[in-house]
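Notes follow the structure.
Nothing in this text is a laboratory measurement; each read-out follows from the coordinates by a stated rule. No experiment lies behind these values; they were computed from the predicted model shown. Ideal geometry is used to build each Cβ from the backbone, glycine not excepted, and the neighbour counts take in all protein chains shown.
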Amino acid sequence: MSDLAWSLGRVYMGVPARVFTRARAYGLERFPREGGVVLAVNHLHWIDIPIVGALSPRSIDFVAKIEAARFPGLGRFIRWHGTIGVKRGESDRDAVRKMREAARNGRVLGLFVEGTRQRTGRPGKAQPGAAMVAIQEDVPVVPVAIYGTQFWKPGNFKPCSVAFGEPHRLEGLPKGGKGYKEATVEIERRINVLFDWLAEQHAQGRPRGAVPPL
């Protein structure tokens, strides 16, 4: 059902999102075309979700706060798209189980790594969820940076861009707090490198064909 929802959503939601943000993707050829994968994405604006979804070549099981998943009408809509609701600020074993199942079953799991939107205009401190799932299920992580949405709002339609980093496996790291922490530091570093690179591309007029750093 979620794949059907995504097929429809790319038309009625994805097309407007791409048009009104002038969305551009860099490094999309790096996106694994099959198998479980964790997308580790920074989060600046609600428009990030439809932009990443529209540019992705595969359906994404996003992780969202449980309040959104329970909201009348909206909750059913986002669950139809495979969204996993998670309780923020506390242990949520059911959400963790669903996230791991998604990766294990060959799905794309999308996590906004800070856990909430950032008001500073740049990526914030990453939480360990993406690293935990990737290590536990032995699937690659793709760091993803979004730039431009911190300036976007209805009416100004500032250009927005997404950079996909190289997929990497967190091999050799222990399944536990130490391993998750070490991996999270690396994921955060890669996202910031991609974000700063996108800022440079925007300053240069967003040249087509530029290749983001690994």
Once the piece of chain linking K158 and N105 is laid out straight, how much longer is it, given 0.36 nm per residue of separation minus the C-alpha distance between them?
15.4 nm
Dividing the Cα radius of gyration by the Kirkwood radius, what Rg/Rh value follows for the range 126-201?
1.09
Expressed in nm to one decimal, what extension gain is obtained for the pair D138 and E29 from 0.36 nm per residue of sequence separation less their Cα-Cα distance?
37.1 nm
Listed residues N156, N192, N42; largest mean-square fluctuation, Gaussian network over the chain with Cα springs below 10 Å, found at N156
Within the chain, which is the longest segment that contains none of the GluC sites (Glu not before Pro) sitting in a DSSP loop with at most 11 other Cβ atoms within 10 Å?
91-170
Name the residue farthest towards the positive end of the dipole of the chain from the options G129, A5, W197, assuming +1 on Cβ of Lys and Arg, -1 on Cβ of Asp and Glu, about the Cα centre.
A5
In nm, the gap between the two label points placed 7 Å beyond Cα toward Cβ at E200 and W46 is 3.5 nm
Which length gain, in nm to one decimal place, applies between V19 and R189 when the Cα-Cα distance is subtracted from 0.36 nm times their residue separation?
58.2 nm
Cross-link reach from K178 to aspartates and glutamates, straight Cα distance under 15 Å and at least 8 residues apart if same chain, gives E186
Cross-link candidates for K153: which lysines have Cα within less than 23 Å, leaving aside residues fewer than 8 places away along the same chain?
K65
How much FRET efficiency would the formula 1/(1 + (r/R0)^6) give for F151 and K87, where r is the Cβ-Cβ distance and R0 is 41 Å, rounded to 0.05?
0.85
